[in-house]
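Colleague: Mind having a look at this structure? Questions to follow.
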Amino acid sequence: MPGIETLLIGTLSLYTAGIAAAFLLPKEKTPVLPALFGGTGSLLLLFTGIKSFLPPETFHAALWTVPGIGTLTVSIDTLSAFFLVVTAIAAIPASVFAATRLKQTRWQHPEVAAALYLGLLISLTIVIIASHVFLFLIAWESMSIIIYLLISSDNNERPGYLMLSIGEAGTLAITAAFLLLSANTGSLSFAIIKTGAASLGPGVQWAVFLLVFFGFSVKGGLIPLNFWMPGAYTAAPAAFIPLIAGATLNMALYGIIRVTGSLLPIPHAGPGIIMLIVGSATALIGILYATIEDDFKTLLAHSSIENAGIIIAALGAGSVFLAKGHLAAASIAFAAALYHLLNHSVFKTLLFMGAGAVEDKTGTRSLDRMGGLLKHMPWTGLFVLIGALSIAAMPPFNGFVSEWLTLQALLRSVELSSPGIKLAFVAAGVGLTLTAGLAVTCFVRAFAMGFLGMSRSDSASAAKETGKPALLSMAGLAVFCLALGILPTYVIPALNKTIRPLTGASATTALVPGFFRPQGKLPEAFVNDFHKLGAQIGKNSMPGRGLAVLHRGGTKNPVVFAMSTFYMFITLIILLGLTAGLVRLFAGRRRKIRQPRWDGGVRKLLPEMTYTATGFAHPVRVIFESILRPKVVERKDTIAEHFRVTIRQKRNEIHLIDRMVLNPLDSAAHRIARTLAKMHNGRINTYAGYALLALIVFLAIASII
Amino acid sequence: MSRWVIKGIRTGIVTTRYPEKKEETPGTSPGLPEQVTGIAPENRETESRCPTGALSREKNRLNLRQERCIHCFRCSRGTENPIPWKNGFEWAEIRNPEAVVPASLRHSLHIRVVDAGDCGACLNEIKLLNNPYYNMHRLGFFITPTPRQADILLVAGPVAEHMKTPLLKAYEAMPAPKRVMAVGACALNGGVFGPGFVTGSGVADILPVDIEIPGCPPPPLAILHGLCLIAGQLKNEPNAATGTRKGEK
Amino acid sequence: MNIQEIAAEIQSRWNNEIKLSTIAGTLECRCHREHLVPLCGWLFNRLNCHFAGLTAEELPDRWNLDYLFTPAGESGIIRINTAAPLKERNFPSISIAVHAADWHEREAEDLFGLTFEGHPRLGDFILHDDAWQEGVEPMRENFSAADVLSGRNPKPDWRPRRILKAPGAFIMPVGPVFSGEAESVHFQLETIGEEVLRAFPRLFFKYRGVEKLAEGRSVDNGLLLAERFAGSTAFSHALAFSMAIEKLSGEEVPPRAEVLRVFMAELERLRHHLGVIEGICSSTGLAVGTGQCAILEEEALRISGALTGHRYLFGLCIPGGLSRDFDKTALKSAAERATDIVRRMNSIEKLLINTSSFLDRLEEVGAVTEKQAHDFGLAGPVARASGYSCDTRKQLPYGAYRNFDFDSPHEREGDGYARLRLFFAEVRESGRIMEQAAEKLPPGKTAVPCNPDAGTAISTAETPRGATWHRIRIGTDGKIKRYRLITPSFANWHGFHIAAENFAFQDFPIILATFGLSVAENDR
């Protein structure tokens, strides 16, 4: 295998070549070939990431020196490598998916769309590998602007503007944080910042943390800065949204981990608690709005918010454990966070592809107007089902493993001593458990209302299966969903390479103990221990690696929890096979009769007589009415008092964040503008007065300093 | 809540012992006309009073077709020659002996009731099977809301035109083996409504009936007897002339 | 305003254009079609008269429409009659002014092919559009009831009318085959989930064409239909039928039979109401309460069975009296057993009103206001629970009711609990009436022969569910020419939706139970 440098150069060259191809190639090949350049480049990117893992070594390269700023450097440590792999896993299928769809964007010239798409891939790569503040910020900004260009369209500019404006505020905060760091360490290079950061005063540490958390929260969709996200994700064209949702969201999390985990690990629990609480609150609010959402894409956007919340909560828990010296627990929490991040990229990319395919074939994103799509789009349905099962944390799929790890990590809070921190963990645990429950409701509803039952609109009943490239990319991701779900014992040791530098402890030891890994004989003492716990593993042989994920406890109770998702899967397959076999054996010769569903004997069950997505979510609406605060407007039109012609009911739900953050901000801005407008009275002597006043103020400040 | 428990306990057991013991409490059944002999052939007054043709003449004997009797009492009231009535309720008749439930399954049968134009009396009597007095659960009969789980389709009413489709759909929705029980004179032959533009002449028009329970309405005990017969919990000893049978475990 | 005053007022308002006559407490107004709407609207909205029903009839030379009203709080009947040549099929609709006439006009439209101009909801009603082709008019003279129609050609693309316009709105279909042993009716509950925003009962799955079947039958055979179209209130309907025949024959029913009829009618009411209370308990999932009420209901049935021979009092009431006589001691012991039932019911009531989980499901659930009760022409206990006074036994006393001391209980709230209380109160009153009847049973015959003359008669009786109106025309051959059945369930089903709407799904069966509705009585 070629060296990391070669691979990286290859990747970036392919991306650049793609951009060139977009403009140079004949029009008929335009969207397909550049996208394939993107796909091939991403494949190389995947190898780059994997290669950086084996053996774990930090790749470092100086690019060029900019006078006054220093030498721009890139480096790939295991953290960067992990994110490169995640990005590549999302980007490869996303490129295949995008190949057929780049024509259907707002850009009249598909070559521009293709170029932007590849530009996004380049900026993503550089964000991850940049090890210099200047390079990082340049890449970060170009990523933001490309996303803005991709999602804003002529007829709906609001989501784009909203994203850009709040995104710029975030970038400002990030810049300020880096400037603070470099002012105190004297360098813009990550490596020097990292060595100098430990000696910073607590005030600066806190300021950096808060600025960074605020700044990255914006892209990551954490409350209260996520109001741009549902609108922006919904407005994004189907070609781009899998990549945006699957890869760019991760950049925010990368930023947070890079700063709080690697550059500046704060040695007390405060930041971790903030992340834990904000994360779990984000998760709960995200899934709540996802559960009641009718627009399939908006639903997925809310669900992205939820998943970002889960990841941040796990990271927060990890930070707390780390600060309190519980290194093993911290490793578990970080493993949970990274695992979930990886999973989320996989299933969210998959689901957005499914949503895009469905929107393409039915012309609607409204779940209320879908139904029965499984008949018309069986493969899309299957893959969306796998994505939905994964995201709803159903075994044997991947979401189950990472959410289970997250909850298990939170349970480790029993080891902590401070009651206040324990309380925060309990609150977060409750929030995340509720989130997990709602997530099941949400995705049962999304799948059932979209794909099962009867078609509730003509466009849904006329839907056709989507194209092969899209199916292929979804199939690949679906396979990943299953693989990540049943082979966590192979994934965790890999993640461990990223985690160990962050925590200084091994997650593998905590989760996948060493004795599972060697083939051959087990230590006698362990087998005895294991038998005492009631576990049956055979006398002297463990059936190999990749078997169990185990939480090791203390000496009294050596195994807190152990399970094998792989065996679970095998058992499931065996049980299914047995059932099928038994049914065949005993009832195979019997006459089988297929009857339509029992409908109470109505002459004809019509699609309008079946549950809609809105109706399905109504109980959730009712239960969480105090959060959702719907304004119900009802109007009844009647003839002569009693003959009713129509009952109109409209529920107006302003999103909690909009209601509590955006709208007050908005009205405050208006108020300030009105006040300022009063000062602009157009009289020259008033303005002279302002100038004088300002001068006095500045002089006063200067004299005090 | 505890007061309800006490109330329930204080009420004691009111449930009938039928079919182990005879049930002869007054008011549990209207009974049926008896078969009479010795009526002069020219005296056709009694049978002419019968509005449904349940009484038929065979020389000097008056036979009863119990499935047609609607308990109008016109043969026993307001006439010179009233014919006596006989108590009893064991009127059910199995039309398809193969439909009797095999021994292994006879103590748990689920019933889907379909109202195919019933007047409310038959349905009320069916409802009363759950009454503490009759309590059909003790014999293993349960009313189920979905035909998907039903062993017996219990149909009352003359099958009104609009109910044909729902009735057929309910029948089709049942798992095999399907058993159909027609309850009440209307379900057996259309009763006072008869075949016409919106009513049929009974369930047999559109479904294969396995057991018939005459009566207008058949009292709960008669339906219970029918259920026990189709479940194979009783032996069928037809005695159509008097319309009575002995219960036997 | 009593009917004399109403007559005088009509005279002055319509300037003698409406022909008036008063026969035996019935004010008959013959008016031209153009006066129909203002006159009915004035009676209904200004004088608050109760709209009882509409009878359409095809006579050899003309259409004959009778609108029945009863004055508010006064005795008497107002019959508004209008006629038109047979080729004329359009009548003005009074439903805009008299909402209670809504379903009556739709029925006439469906079965006779008449058109009521201005009615906003004609079409699919009794004969379902998804089961019958257009143009079938079964109540017309030339349509034979015995014909079995073949070659149906229903509208293939029939869809239910939806009035709920809201994102995600859908119809929750219930029935026609639903629940354990429920009567066949199909509900379309429009909703956006959880809450019923519009309840639409699609009825007439059990339409048996009783009115058509009766045509051409002898009085005796007609009686069988009257008795057996709604078996749970058989005696009351047989009584109303018999009273109409008695009016035509001019025979006086013997006083002994009158008192016995009161006894039987109240026994039926007691038994019916116990069944309704049992239904309410069962709908709220109160198992012991259901069982206790069921015991009482069965005992009431056994009293009926032991006393009269038939548990549902079939074959008892005949024109001219009763089909059999009763022993005074038997009657007394029956009344005593009924009193015992009432006593035990009182103790159940005490338990019920102390069970808060039960009351929570009923209180403020399914409320109907007095105005709604009037506008929808509701009848019986349902109307009286809203404070709408409509007891035929008090307003148009028939038979021996004049001589009895009883109350017609009322409630004001109109919610499910008010209806429950009313059912309890009425059972107590029925018990009292039965006691009095057993006490004051006069000697004498129980029946007189009864041969009706040709003509038309209207009679009304208070069935357990409310007032029923039977209008019978006997032809010269002594056969029934036209039999019109106006039933309380028909009125109450019409108004049922106002109670069921804006409540959650799980309240729906409870509200349904508190209405004590019969589908058989409505569908006929």
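The values are calculated or read from the model by the stated rules, or taken from the named source; none is laboratory data. Just so you know, these numbers come straight off a predicted model, no measurement behind them. Neighbour counts are summed over all protein chains in view; Cβ atoms, including those assigned to glycine, are modelled from backbone coordinates with ideal geometry.
Colleague: For region C:210-256, give me every one of the helices (runs of 4 or more DSSP H) that falls completely inside it and has 2 or more residues that are closer than 19 Å to residue C:448 by Cα and away from every other protein chain (no Cβ under 14 Å). Break it down into steps so the answer makes sense when it comes.
Modeller: On the way: elements: C:210-214, C:219-228, C:234-249.
Because the criterion is at least 2 residues that are closer than 19 Å to residue C:448 by Cα and away from every other protein chain (no Cβ under 14 Å), the helices (runs of 4 or more DSSP H) in region C:210-256 that meet it are C:234-249.
Colleague: Here is a follow-up. Taking the stated definitions as given, is residue B:51 closer than 20 Å to residue C:300 by Cα, outside the structural domain of residue B:225 (by TED's automatic domain parsing) and either touching a Gly at 6+ places or on another chain (Cβ under 6 Å) or not charged (D, E, K, R) (or both)?
Modeller: Working: closer than 20 Å to residue C:300 by Cα: no; outside the structural domain of residue B:225 (by TED's automatic domain parsing): yes; either touching a Gly at 6+ places or on another chain (Cβ under 6 Å) or not charged (D, E, K, R) (or both): yes.
Considered against the rule, which asks whether it is closer than 20 Å to residue C:300 by Cα, outside the structural domain of residue B:225 (by TED's automatic domain parsing) and either touching a Gly at 6+ places or on another chain (Cβ under 6 Å) or not charged (D, E, K, R) (or both), residue B:51 comes out as no.
Colleague: From C:82, C:70, grab the single residue that is without any contact (Cβ under 8 Å) to a residue 60 or more places away in the chain, surrounded by 15 or more Cβ atoms within 10 Å (Cβ to Cβ) and among the β-branched types (Val, Ile, Thr). Reasoning before the result, please.
Modeller: Numbers: C:70 fails: without any contact (Cβ under 8 Å) to a residue 60 or more places away in the chain.
That would be C:82, the only listed residue that is without any contact (Cβ under 8 Å) to a residue 60 or more places away in the chain, surrounded by 15 or more Cβ atoms within 10 Å (Cβ to Cβ) and among the β-branched types (Val, Ile, Thr).
Colleague: Which residues, taken from region B:35-60, are of a type in the set (Val, Ile, Thr), part of a loop (DSSP other than H, G, I, E, B) and buried (at least 21 other Cβ atoms within 10 Å of the Cβ)?
Modeller: Of region B:35-60, the ones of a type in the set (Val, Ile, Thr) are B:36-37, B:39, B:46, B:52.
With the extra rule that they be part of a loop (DSSP other than H, G, I, E, B), the set shrinks to B:39, B:52.
The one that is of a type in the set (Val, Ile, Thr), part of a loop (DSSP other than H, G, I, E, B) and buried (at least 21 other Cβ atoms within 10 Å of the Cβ): B:52.
Colleague: Check whether at least one residue in region C:301-310 is more than 10 Å from chain B (Cβ to nearest Cβ) and more than 17 Å from residue B:217 (Cβ to Cβ), and report yes or no.
Modeller: Going through region C:301-310, the residues more than 10 Å from chain B (Cβ to nearest Cβ) turn out to be none.
Scanning region C:301-310, I find no residue that is more than 10 Å from chain B (Cβ to nearest Cβ) and more than 17 Å from residue B:217 (Cβ to Cβ), so the answer is no.
Conditions tested, residue by residue: (1) on the phi > 0 side of the Ramachandran plot; (2) loosely packed, with under 12 Cβ neighbours inside 10 Å; (3) more than 14 Å from chain C (Cβ to nearest Cβ); (4) not in a loop (DSSP other than H, G, I, E, B).
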position: B:14; (1), (2), (3), (4): no, no, no, no
position: B:19; (1), (2), (3), (4): no, no, yes, no
position: B:23; (1), (2), (3), (4): no, no, no, no
position: B:29; (1), (2), (3), (4): no, no, no, no
position: B:62; (1), (2), (3), (4): no, no, yes, yes
position: B:71; (1), (2), (3), (4): yes, no, no, no
position: B:83; (1), (2), (3), (4): no, no, no, no
position: B:91; (1), (2), (3), (4): no, no, yes, no
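Colleague: What tally of residues in region C:386-400 results from selecting those that are touching a His at 6+ places or on another chain (Cβ under 8 Å) and surrounded by 24 or more Cβ atoms within 10 Å (Cβ to Cβ)? Write out each step before concluding.
Modeller: Within region C:386-400, the subset touching a His at 6+ places or on another chain (Cβ under 8 Å) is C:387-390.
So of that shortlist, the ones also surrounded by 24 or more Cβ atoms within 10 Å (Cβ to Cβ) come out as C:388, C:390.
Final tally of qualifying residues: 2.
Colleague: Residues that are within 7 Å of another protein chain (Cβ to nearest Cβ) and without any contact (Cβ under 8 Å) to a residue 40 or more places away in the chain: does region B:107-123 have at least one?
Modeller: Yes: region B:107-123 contains one or more residues that are within 7 Å of another protein chain (Cβ to nearest Cβ) and without any contact (Cβ under 8 Å) to a residue 40 or more places away in the chain.
Colleague: Applying the selection to region A:601-626, what residues are in contact with a Lys or Arg (Cβ under 9 Å, 6 or more places away or on another chain) and small (Gly, Ala, Ser)?
Modeller: Those that are in contact with a Lys or Arg (Cβ under 9 Å, 6 or more places away or on another chain) and small (Gly, Ala, Ser): A:601, A:613, A:617.
Colleague: Output yes when any residue across region A:352-373 is assigned to a loop (DSSP other than H, G, I, E, B), buried (at least 24 other Cβ atoms within 10 Å of the Cβ) and not assigned by TED's automatic domain parsing to the domain that holds residue A:89, and no when none is.
Modeller: Step one: of region A:352-373, the residues assigned to a loop (DSSP other than H, G, I, E, B) are A:363-365, A:370-372.
Still in the list and also buried (at least 24 other Cβ atoms within 10 Å of the Cβ): A:370-371.
Subsequent filtering for residues that are not assigned by TED's automatic domain parsing to the domain that holds residue A:89 retains A:370-371.
Within region A:352-373, one or more residues are assigned to a loop (DSSP other than H, G, I, E, B), buried (at least 24 other Cβ atoms within 10 Å of the Cβ) and not assigned by TED's automatic domain parsing to the domain that holds residue A:89.
Colleague: Here is a follow-up. Looking at region C:495-509, which of its residues are surrounded by fewer than 23 Cβ atoms within 10 Å (Cβ to Cβ) and not in a strand (DSSP E or B)?
Modeller: Here is the first cut: in region C:495-509, the residues surrounded by fewer than 23 Cβ atoms within 10 Å (Cβ to Cβ) are C:497-498, C:501-509.
Across region C:495-509, the qualifying residues are C:497, C:498, C:501, C:502, C:505, C:506, C:507, C:508, C:509.
Colleague: List pairs: first residue in region C:158-187 and at the interface with chain A (Cβ under 7 Å from one of its Cβ atoms), second residue part of a loop (DSSP other than H, G, I, E, B) and among the aromatic types (Phe, Trp, Tyr) anywhere in the structure, Cβ distance under 9 angstrom, at least six positions apart or on different chains.
Modeller: C:170/A:611; C:175/C:205; C:176/C:205; C:177/A:598; C:186/C:178; C:186/C:205
Each row is one residue, and each column tells you yes or no for (1) in contact with a helix residue (DSSP H, G or I) (Cβ under 8 Å, 6 or more places away or on another chain); (2) not polar (S, T, N, Q).
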position: C:4; (1), (2): no, no
position: C:14; (1), (2): yes, yes
position: C:22; (1), (2): yes, no
position: C:25; (1), (2): yes, yes
position: C:46; (1), (2): no, yes
position: C:54; (1), (2): yes, yes
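Colleague: Moving on to the next point. Right, residue C:314: among the aromatic types (Phe, Trp, Tyr) and either at the interface with another protein chain (Cβ under 9 Å from one of its Cβ atoms) or in contact with a Phe, Trp or Tyr (Cβ under 6 Å, 6 or more places away or on another chain) (or both) or not? Don't jump to the end; show me each part of the working.
Modeller: Numbers: among the aromatic types (Phe, Trp, Tyr): yes; either at the interface with another protein chain (Cβ under 9 Å from one of its Cβ atoms) or in contact with a Phe, Trp or Tyr (Cβ under 6 Å, 6 or more places away or on another chain) (or both): yes.
When the stated conditions are applied, residue C:314 passes them.
Colleague: If you check A:648, A:584, which single one turns out to be surrounded by fewer than 17 Cβ atoms within 10 Å (Cβ to Cβ), at pLDDT 85 or above and facing another protein chain (nearest Cβ under 7 Å)?
Modeller: Working: A:584 fails: facing another protein chain (nearest Cβ under 7 Å).
Answer to the check: A:648.
Colleague: Another one. So for region A:269-279 (the condition being in contact with a Leu (Cβ under 8 Å, 6 or more places away or on another chain), closer than 28 Å to residue A:370 by Cα and assigned to a helix (DSSP H, G or I)), does at least one residue qualify?
Modeller: Within region A:269-279, the subset in contact with a Leu (Cβ under 8 Å, 6 or more places away or on another chain) is A:272, A:275, A:278-279.
From what's left, closer than 28 Å to residue A:370 by Cα: none.
So far as region A:269-279 goes, no, none of its residues is in contact with a Leu (Cβ under 8 Å, 6 or more places away or on another chain), closer than 28 Å to residue A:370 by Cα and assigned to a helix (DSSP H, G or I).
Colleague: Inside region A:187-206, can you point out the residues that are in a helix (DSSP H, G or I), of a type outside the set (Val, Ile, Thr) and within 25 Å of residue A:129 (Cα to Cα)? Reasoning before the result, please.
Modeller: Applying the first criterion (in a helix (DSSP H, G or I)) to region A:187-206 yields A:190-197, A:202-206.
Remaining after also requiring of a type outside the set (Val, Ile, Thr): A:190-191, A:194, A:196-197, A:202-203, A:205-206.
Residues satisfying the conditions are A:190, A:191, A:194, A:196, A:197, A:205.
Colleague: Moving on. Is it the case, given these coordinates, that residue C:355 is crowded, with 24+ Cβ neighbours inside 10 Å, touching a residue at least 24 places away in the same chain (Cβ under 8 Å), outside the structural domain of residue C:40 (by TED's automatic domain parsing) and of a type in the set (S, T, N, Q)? Working first, answer last.
Modeller: Details: crowded, with 24+ Cβ neighbours inside 10 Å: no; touching a residue at least 24 places away in the same chain (Cβ under 8 Å): yes; outside the structural domain of residue C:40 (by TED's automatic domain parsing): yes; of a type in the set (S, T, N, Q): yes.
No; evaluated as a whole, the condition is false for this residue.
Colleague: Give C:330, C:294 a once-over and let me know the one that is assigned to a helix (DSSP H, G or I) and either at positive phi or at the interface with chain B (Cβ under 10 Å from one of its Cβ atoms) (or both).
Modeller: Checking each option against the conditions leaves just C:294.
Colleague: Determine, yes or no, whether residue C:155 is more than 9 Å from chain A (Cβ to nearest Cβ), surrounded by fewer than 21 Cβ atoms within 10 Å (Cβ to Cβ) and either in contact (Cβ under 8 Å) with a residue 24 or more places away in the chain or closer than 20 Å to residue B:199 by Cβ (or both). Walk me through how you get there before you give the answer.
Modeller: Numbers: more than 9 Å from chain A (Cβ to nearest Cβ): yes; surrounded by fewer than 21 Cβ atoms within 10 Å (Cβ to Cβ): yes; either in contact (Cβ under 8 Å) with a residue 24 or more places away in the chain or closer than 20 Å to residue B:199 by Cβ (or both): yes.
So residue C:155 fits the description; yes.
Colleague: Scan region A:113-138 for residues that are free of Cβ contacts under 8 Å to residues at least 40 places away in the same chain and surrounded by fewer than 20 Cβ atoms within 10 Å (Cβ to Cβ) and jot them down.
Modeller: A:138
Yes/no per residue for (1) assigned to a strand (DSSP E or B); (2) touching a helix residue (DSSP H, G or I) at 6+ places or on another chain (Cβ under 7 Å):
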site: B:126; (1), (2): no, yes
site: B:129; (1), (2): no, yes
site: B:138; (1), (2): no, no
site: B:145; (1), (2): no, no
site: B:155; (1), (2): yes, yes
site: B:164; (1), (2): no, no
site: B:167; (1), (2): no, no
site: B:170; (1), (2): no, yes
site: B:181; (1), (2): yes, yes
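Colleague: Considering every residue within region A:665-684, establish whether at least one is in contact with a helix residue (DSSP H, G or I) (Cβ under 8 Å, 6 or more places away or on another chain) and of a type in the set (Asp, Glu).
Modeller: No.
Colleague: Tell me which residues, restricted to region C:189-206, are more than 7 Å from every other protein chain (Cβ to nearest Cβ) and either of a type in the set (D, E, K, R) or touching an Asp or Glu at 6+ places or on another chain (Cβ under 8 Å) (or both). Please lay out each step first, then the result.
Modeller: First, pick out the residues of region C:189-206 that are more than 7 Å from every other protein chain (Cβ to nearest Cβ): C:189-190, C:195-196, C:199-203.
If the condition is that a residue be more than 7 Å from every other protein chain (Cβ to nearest Cβ) and either of a type in the set (D, E, K, R) or touching an Asp or Glu at 6+ places or on another chain (Cβ under 8 Å) (or both), then C:190, C:195, C:196, C:199, C:200, C:202, C:203 are the ones that fit.
Colleague: Now a separate question. With the structure loaded, tell me whether residue C:122 is modelled with pLDDT under 85, more than 10 Å from chain A (Cβ to nearest Cβ) and closer than 30 Å to residue C:47 by Cβ or whether it fails that test. Explain how you work it out, then say what you get.
Modeller: Numbers: modelled with pLDDT under 85: yes; more than 10 Å from chain A (Cβ to nearest Cβ): yes; closer than 30 Å to residue C:47 by Cβ: yes.
For residue C:122, the condition - modelled with pLDDT under 85, more than 10 Å from chain A (Cβ to nearest Cβ) and closer than 30 Å to residue C:47 by Cβ - is met.
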